[in-house]
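Below is one structure; the comments refer to it alone.
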Amino acid sequence: MEEKWNARTALLIGDENVEKLSKTKIIIYGIGGVGSFAVEGLIRAGVENIVIVDNDVISPSNLNRQIHATISNIGKLKIECMKERILSINPNVKVEAYIPDDIQGGEEILIDNTITYVVDAVDTVTTKLKLIKRAKEQNIPIISCMGTGNKLDPTQFEIEDIYKTSVCPLAKVIRKEVKKMGIEHLKVLYSKEEPKKHEIESRVPASISFVPSVAGMIIAGEVIKDIMS
């Protein structure tokens, strides 16, 4: 008898949850260091309906931390490379790939009431706030990733409510803004690690392979546990 590709997952979470995951539809905004690994974790766990949103192309500087970044993919759209990777893992996955400009800033896609969960892995505060606001209006669960740049210790990542966060500069900004919006709760991934200071002055956050990747996998795990609960 041919072994099912997700047989070991079923041993851990049961056939009922495997079926539940296959029917969920998750949207991931930002397919970079965090987002690409979040997608990877979700797909390998058995999610078979995925929406990916990003407007960037793969560059040489992505090679140190993004799972779809290879020499042969430089210059290609991240969403197209991620879609190809998804289907190479499980050809049964239904993948929708969007460039934000095609959907009026990205957040409008959340009008689709078939979405089960939203993953915010974007970098810009403005877009994060739009996504959070839209998800809350639609009563769609969302998890938002705070800063992973300039960090070296992935063991300090935690899942927490935004109002219980500390240290992280991005979390401080988001905490202030969502309070103004009247949002009472927001699940986030953040780190208590103090950001490393650059030896060379730069506006670009420093990064390394094992930090955003771990963040993405933690997010995938949290989403999956929420769906199964």
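Couple of notes before you dig in:
- Each residue in the stretch 110-129 was checked for being within 20 Å of residue 161 (Cβ to Cβ) and in a helix (DSSP H, G or I), and 3 of them qualify.
- Residue that is surrounded by the most Cβ atoms within 10 Å (Cβ to Cβ) [pool: residues in the stretch 14-56 that are over 18 Å from residue 80 (Cβ atoms) and among the acidic types (Asp, Glu)]: 48
- Against the criterion of being modelled with pLDDT of 95 or more, in a loop (DSSP other than H, G, I, E, B) and among the hydroxyl-bearing types (Ser, Thr, Tyr), residue 88 does not qualify.
- Residues in the stretch 186-215 that are in contact with a Cys (Cβ under 8 Å, 6 or more places away or on another chain) and either assigned to a helix (DSSP H, G or I) or polar (S, T, N, Q) (or both): 191, 215.
- Residue 159 falls short on exactly one of the conditions (1) surrounded by fewer than 17 Cβ atoms within 10 Å (Cβ to Cβ); (2) under 13 Å from residue 211 (Cβ atoms); (3) touching an Asp or Glu at 6+ places or on another chain (Cβ under 6 Å), and that condition is (2).
- Against the test of being closer than 17 Å to residue 221 by Cα, in a loop (DSSP other than H, G, I, E, B) and aliphatic (A, V, I, L, M), the options 47, 34 yield a single qualifying residue, 47.
- Test: residue in the stretch 186-199 that is within 30 Å of residue 94 (Cβ to Cβ), under 18 Å from the mean Cα position of the chain (by Cα) and either at pLDDT below 95 or of a type in the set (Ser, Thr, Tyr) (or both): no
Here is a yes/no grid of residues against (1) under 26 Å from residue 152 (Cα atoms); (2) β-branched (Val, Ile, Thr); (3) within 17 Å of the chain's Cα centre (by Cα):
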residue	(1), (2), (3)
41	yes, no, yes
55	no, no, yes
61	yes, no, no
71	yes, yes, no
84	no, no, no
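- Selection status of residue 212, more than 18 Å from residue 124 (Cα to Cα), at pLDDT 95 or above and not charged (D, E, K, R): no
The values are calculated or read from the model by the stated rules, or taken from the named source; none is laboratory data. Values in this document were obtained by computation on a predicted structure and should not be read as measured data. A quick note on method: Cβ atoms are made from the backbone with ideal geometry, for glycine too, and the neighbour counts reach across all protein chains shown.
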